[in-house]
């Protein structure tokens, strides 16, 4: 099973931090790869690469301007395309159907998402039908998709590892 | 039961969008109130107020520079203080204990959180022990805390309401 995330419509200045959060959430909540599309995302990509080097795990992040090619490629490989949007069907109603698919491409937009994305998606899915955050929508979607098991994920080859602690900050080798 | 969120250490320029996302997530995932602390958060507060007017629900957002007073006030009223931090105990291990409390103050920090917050918190809680996003941590924490029931929440008095849809954008009156 491969779970990829496509971050659409990145704007260099305005979205730098939000896009970084999207990428880090993809990694922390069990996705295998994130692709950032839109304007140049060099800064976001390299800060995520640094996190991967330090905190481990097999996660790749890249920039690709051509989101349409990625969506069409996913369709061709019969990967399920799930577009997260507040307008979509409720996650609690469709997540088990989505889970039945082997490989999934989860699409999260920025401000404006082209009509074509809604059409190409196998599922348009909402996490609450309220305006909030693509970062939160992605996290809760992946959490539901993996049924909470992603919280137990091990990140191999980490230089830095935390030991959960009630008060302090504890690290292990 | 009252669930409040305290956003710590807001920086006017740098955190404007992230803080807005934190506030909107607090609202969408069932909290009653968010308090933003740190530097002036006027812009974030007013954009959240606009969302509340349009999308309904009984949710308040305010700015208060004095986070210590809020934490000590919560302690005095015997509200449980839950500080979300990647260093904390795992959410999957402690959420049922947290749920037993009537009133909860959930604290989410920005870059640097003062030592005192870790000490004043009844629980320091991590959502994965990986670096990602306070927006995502808050969403998944509230989702776990409310056991997914927050996804069914109705927002009374909304001027705008969505009807979940597999393709288009559907609104109701």
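Can residue A:20 be described as within 24 Å of residue B:16 (Cα to Cα), part of a strand (DSSP E or B) and within 10 Å of chain B (Cβ to nearest Cβ)? Spelling it out, it is not the case that residue A:20 is within 24 Å of residue B:16 (Cα to Cα), part of a strand (DSSP E or B) and within 10 Å of chain B (Cβ to nearest Cβ). Residues that are assigned to a strand (DSSP E or B) and more than 7 Å from chain A (Cβ to nearest Cβ) were ranked within the range B:120-169; the one that is surrounded by the fewest Cβ atoms within 10 Å (Cβ to Cβ) is B:163. Just checking, does the range B:4-17 include any residue being part of a helix (DSSP H, G or I) and surrounded by fewer than 24 Cβ atoms within 10 Å (Cβ to Cβ)? Yes, there is a match, as at least one residue in the range B:4-17 is part of a helix (DSSP H, G or I) and surrounded by fewer than 24 Cβ atoms within 10 Å (Cβ to Cβ).
Can residue B:27 be described as in contact with a strand residue (DSSP E or B) (Cβ under 9 Å, 6 or more places away or on another chain) and closer than 22 Å to residue B:115 by Cα? The answer is no for residue B:27. In the range B:96-119, of all residues being touching a strand residue (DSSP E or B) at 6+ places or on another chain (Cβ under 8 Å) and assigned to a helix (DSSP H, G or I), the one that is farthest from residue A:21 (Cα to Cα) corresponds to B:97. Within the range B:22-39, does at least one residue satisfy the condition of being in contact with a helix residue (DSSP H, G or I) (Cβ under 6 Å, 6 or more places away or on another chain) and surrounded by fewer than 19 Cβ atoms within 10 Å (Cβ to Cβ)? Scanning the range B:22-39, I find no residue that is in contact with a helix residue (DSSP H, G or I) (Cβ under 6 Å, 6 or more places away or on another chain) and surrounded by fewer than 19 Cβ atoms within 10 Å (Cβ to Cβ), so the answer is no. Of all residues in the range B:109-119, those that are within 15 Å of the chain's Cα centre (by Cα), at pLDDT 95 or above and within 12 Å of chain A (Cβ to nearest Cβ) total 0.
Residues in the range A:56-79 that are under 21 Å from residue A:111 (Cα atoms) and in contact (Cβ under 8 Å) with a residue 60 or more places away in the chain: A:67, A:70, A:71.
Starting from residues that are touching a strand residue (DSSP E or B) at 6+ places or on another chain (Cβ under 8 Å) and more than 10 Å from chain A (Cβ to nearest Cβ), keep the ones in the range B:49-58 and report whichever is farthest from residue A:87 (Cα to Cα). Once the filter is applied, the top-ranked residue is B:49.
Taking the listed residues A:34, A:82, A:5, A:45, the one that is over 21 Å from residue A:126 (Cα atoms) and touching a strand residue (DSSP E or B) at 6+ places or on another chain (Cβ under 6 Å) is A:45, with no other qualifying. For residue B:82, the requirement of being in contact (Cβ under 8 Å) with a residue 12 or more places away in the chain and not in a helix (DSSP H, G or I) is met. Looking only at the range B:61-79, filter to residues that are surrounded by 14 or more Cβ atoms within 10 Å (Cβ to Cβ) and part of a strand (DSSP E or B); which one of those is farthest from the other protein chains (Cβ to nearest Cβ)? Per the criteria, the residue is B:63. Screening the candidates B:25, B:45, B:36 for the property of being away from every other protein chain (no Cβ under 14 Å) and closer than 20 Å to residue B:136 by Cβ yields one hit, B:36.
The values are calculated or read from the model by the stated rules, or taken from the named source; none is laboratory data. Treat the numbers as computed from the prediction; the structure is a model and nothing was measured. Using ideal geometry, Cβ is built from the backbone for each residue, glycine included, and neighbour counts are taken over all protein chains shown.
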